[in-house]
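Everything on this sheet refers to the single structure shown next.
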Amino acid sequence: MKEYVVDAPVGRRHVVTRLVEPAFAWRGWTVTWSACTTAALAVLMLVYFYAYEGQLFNVVFTIGVTGALVSVLAFFTRRLMFSLALVAALDAVVIWASTVKRQTMNMVVHAYDLFFYLSSWSTFSYLWHEQRHLVVGLGLALTGSLIIGAAAWRFDQTRSPRIWSATAFAVAVCLTIVGAALKGERRHMQFNFEALYVSSFYASWAETLETLARGSMLEASGRAPVTPPNYKALADCAMVDKPPHIIMIHQESLVPPGYFPKLQYDRELDPLFRSQDGRTHKLRVETYGGASWLTEFSILTGISTQAFGGMRQFVQTFLVNRLTDTLPQNLAMCGYRNVVYYPLLKNFVSNDKFYASIGLKEIFDAKAQKAKTANERDKFYFNNALAELETHIATSRAPLFSYILTMSAHWPYDVTYQPGEIVAGGGPGTTPEMNEYLRRLALAKRDYDAFVADLKIRFPGERFLIVHYGDHQPTATRTLLGFKEETEAEDATMIADAPGFLTYFAMDGINYEVPALPAQDVVDVPYLGMLVQHAAGLPLSDANRERQRLLTLCNGRNYGCNKQGAILAFHRRLIDSGIIVTR
């Protein structure tokens with residue numbers, strides 16, 4: 001054991017510092033070698049972060065968090081090389097796991113994965129049976145990290161003073177705070193399309209800790225001293241008459257242009273948004289310019305995504321096989337065959353697994369429909385639905401639920417869609433993007449009108465309930481909402497009551513009279529699934545009857561109800577009844 005002593009005056013005192021070089025220094029491995037290895041490893045990590053972790057301030061955030069983790073380890077162990085090597089090895093595991101998960105589930109690793117997949121034996125068992133090779137691979141990767149850590153511990157000759165580690169930690173925390181503040185809001189597709197593996201994992205810890213502290217993904221009230229009875233699922237759907245076929249159309253990015261008084265447009269578009277009662281019913285959604293799956297989730301499950309806090313972007317992934325009493329499940333209980341016409345590949349944001357788990361097991365995705373582009377004309381999907389409807393009616397007496405998702409009105413709007421089609425755009429002074437959007441709106445109306453006409457001609461003896469809605473507003477409205485033309489959708493921050501969250505829903509019938517629709521001026525999106533079942537004349541489950549009551553009590557609001565205690569108590573009963581499993 002060699003010991004080097006340095007006697008340095010500090011003020012009136014002398015501080016003796018010992019740098020210890022253990023006797024087992026293997027093959028001449030010295031403090032210098034340890035320092036050089038540490039420096040090389042730090043440079044490699046910095047190069048990786050710069051190359052793969054996005055914009056400057058996202059890189060700063062990533063460096064800050066990494067530095068803080070290394071500093072904490074170094075403070076307790078005083079071994080800098082070991083601390084850096086172990087954090088680097090664990091980051092490598094995150095990168096590998098994110099790459100594999102993205103290929104498998106179209107989503108990178110989230111911190112909540114650690115708790116979600118280990119939360120119950122059934123969840124882990126499912127993972128073991130369905131993705132055993134990934135579990136084994138993860139186990140080997142973690143084992144490799146431990147081996148790297150053990151080797152680094154053995155050969156690390158450095159012993160850094162704790163004051164250095166504490167100072168480095170303070171600097172790293174400052175970098176993290178600055179990076180987090182300046183990198184802006186996390187993009188809603190960051191966990192799906194961007195390879196920001198390390199920073200995404202780091203950023204996901206905030207919402208994970210929030211969820212763990214709350215004890216549930218879903219915000220809910222505490223248990224009352226007297227527990228109310230559990231909601232019962234729909235057990236009996238006996239009906240005298242066969243219910244109508246239901247066609248629900250997810251109209252991508254559609255909003256009534258009449259919501260913007262200064263906008264000049266062709267008034268012939270207005271009837272598209274009216275229901276059988278002649279009214280245009282406003283729908284308040286929970287996203288702007290994108291993240292359509294949030295609207296889908298709320299409609300199909302009857303639960304606001306806002307009640308999941310920072311986890312709202314991931315509800316479809318983490319709630320697979322954890323939901324009952326959904327719209328498709330209740331329709332299936334009433335004898336419906338459920339079919340989805342999906343414009344993208346069905347594994348987009350893990351939709352196929354989520355759909356199947358809530359009762360939408362027949363999915364005609366872009367491949368199955370032989371789509372040539374990702375944004376076919378609406379009539380392409382409508383014609384596919386008509387063909388399947390014809391086959392179904394010829395071979396079955398069961399009612400059919402057709403869920404059709406369109407794409408023609410999706411951005412970008414700097415490209416002329418279907419340039420050969422002559423349709424009206426906007427009046428003088430309309431921005432180029434809005435002009436293009438209005439063209440697409442005219443095409444959507446033309447295709448919808450033709451679809452309804454075909455239904456009447458081809459199926460004269462069948463009854464239909466047609467429901468269509470706008471999933472969110474297009475980015476083309478951002479200047480009308482007071483934002484700059486260059487503002488990205490995710491940067492258009494708005495309060496929950498903002499006009500930018502208003503779209504519409506409409507219900508019409510063919511050989512079928514639609515019951516009275518809500519009188520409220522605006523209806524929040526989680527109520528729409530219940531309204532569809534009511535409009536079809538179907539019996540409602542206990543939970544849906546409570547939604548019906550809350551719709552009136554909260555004047556159309558859901559999570560934003562001024563009697564929020566009633567909403568949170570409703571969520572508590574959903575959890576206690578097993579309708580949603582949130583841990």
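A few remarks follow.
- Count of residues meeting criterion [charged (D, E, K, R), buried (at least 18 other Cβ atoms within 10 Å of the Cβ) and within 22 Å of the chain's Cα centre (by Cα)] in segment 554-583: 1
- Any hit, segment 215-227, residues being at pLDDT below 85 and part of a helix (DSSP H, G or I): no
- Any hit, segment 490-497, residues being of a type outside the set (Ser, Thr, Tyr) and either under 30 Å from Ala450 (Cβ atoms) or at pLDDT 95 or above (or both): no
- Every residue from segment 539-583 that is aliphatic (A, V, I, L, M) and either over 21 Å from Ser357 (Cβ atoms) or in a helix (DSSP H, G or I) (or both): Leu540, Ala543, Leu550, Leu551, Leu553, Ala566, Ile567, Leu568, Ala569, Leu574, Ile575
- Every test in (1) modelled with pLDDT of 85 or more; (2) under 30 Å from Ala89 (Cβ atoms) is passed by Leu142 save one, and that test is (1).
- Of the residues making up segment 382-389, none is aliphatic (A, V, I, L, M), assigned to a loop (DSSP other than H, G, I, E, B) and touching a residue at least 60 places away in the same chain (Cβ under 8 Å).
- When Asn351, Asn338 are checked against the criterion of being at pLDDT 95 or above and either crowded, with 20+ Cβ neighbours inside 10 Å or farther than 17 Å from Gly529 by Cα (or both), Asn338 stands alone in meeting it.
- Residues considered: Ser216, Ser221, Ser298, Ser292. Of these, the only one that is out of contact with any Asp or Glu (no Cβ under 6 Å at 6 or more places or on another chain), under 21 Å from Glu490 (Cα atoms) and either of a type outside the set (D, E, K, R) or surrounded by 15 or more Cβ atoms within 10 Å (Cβ to Cβ) (or both) is Ser298.
- Being over 13 Å from the mean Cα position of the chain (by Cα), charged (D, E, K, R) and crowded, with 19+ Cβ neighbours inside 10 Å holds for only one residue in Asp266, Asp325, Asp277, Asp270, and it is Asp325.
- The set of residues from segment 71-115 being among the charged types (D, E, K, R) and either part of a loop (DSSP other than H, G, I, E, B) or not assigned by TED's automatic domain parsing to the domain that holds Met45 (or both) comprises Arg78, Arg79.
- Verdict on Arg284 being basic (Lys, Arg), surrounded by fewer than 20 Cβ atoms within 10 Å (Cβ to Cβ) and more than 13 Å from the chain's Cα centre (by Cα): no
- Of the residues making up segment 141-180, those that are more than 31 Å from the chain's Cα centre (by Cα), surrounded by fewer than 18 Cβ atoms within 10 Å (Cβ to Cβ) and of a type in the set (A, V, I, L, M) are Leu146, Ile147, Ile148, Ala150, Ala151, Ile163, Ala166, Ala170, Val171.
- Restricting segment 224-255 to residues that are hydroxyl-bearing (Ser, Thr, Tyr) and under 23 Å from Gln316 (Cα atoms) leaves a set whose member that is surrounded by the fewest Cβ atoms within 10 Å (Cβ to Cβ) is Tyr231.
- Single match in Glu362, Glu390, Glu433 (criterion: outside the structural domain of Phe318 (by TED's automatic domain parsing), of a type in the set (D, E, K, R) and under 20 Å from Ile249 (Cβ atoms)): Glu390
- Test: residue in segment 502-509 that is modelled with pLDDT under 95 and either buried (at least 16 other Cβ atoms within 10 Å of the Cβ) or touching a helix residue (DSSP H, G or I) at 6+ places or on another chain (Cβ under 6 Å) (or both): no
- Odd one out for Gly482 among (1) in the same structural domain as Glu268 (by TED's automatic domain parsing); (2) at negative phi: (2)
- Identity of the residue in segment 80-117, under 19 Å from Ile148 (Cα atoms) and out of contact with any Leu (no Cβ under 8 Å at 6 or more places or on another chain), that ends up surrounded by the fewest Cβ atoms within 10 Å (Cβ to Cβ): Trp96
- Residues in segment 451-490 that are assigned to a helix (DSSP H, G or I), among the small types (Gly, Ala, Ser) and surrounded by 15 or more Cβ atoms within 10 Å (Cβ to Cβ): Ala476, Ala489.
- Scanning segment 501-535 for residues that are in a loop (DSSP other than H, G, I, E, B), at negative phi and over 29 Å from the mean Cα position of the chain (by Cα) gives Tyr512, Glu513, Val514, Pro515, Ala516, Leu517, Ala519.
- Listed by position, the helices (runs of 4 or more DSSP H) enclosed by segment 304-379 that each have at least 2 residues that are aliphatic (A, V, I, L, M), touching a residue at least 40 places away in the same chain (Cβ under 8 Å) and closer than 25 Å to Pro244 by Cα are 327-333.
- Considered as a group, the residues in segment 249-270 that are free of Cβ contacts under 8 Å to residues at least 40 places away in the same chain and of a type outside the set (Lys, Arg) include one that is nearest to Leu218 (Cα to Cα), and that residue is Gly258.
- Within segment 365-379, being surrounded by 14 or more Cβ atoms within 10 Å (Cβ to Cβ) and either among the charged types (D, E, K, R) or in contact with a Lys or Arg (Cβ under 9 Å, 6 or more places away or on another chain) (or both) holds for Asp365, Ala366, Ala368, Glu376, Arg377, Asp378, Lys379.
- Residue match in segment 204-218 (condition: over 30 Å from Leu389 (Cα atoms), of a type in the set (Val, Ile, Thr) and touching a His at 6+ places or on another chain (Cβ under 9 Å)): yes
The values are calculated or read from the model by the stated rules, or taken from the named source; none is laboratory data. What you see is a predicted model; the values in this text were computed from it and never measured. Positions of Cβ are backbone-derived with ideal geometry, glycine not excepted, and every protein chain shown enters the neighbour counts.
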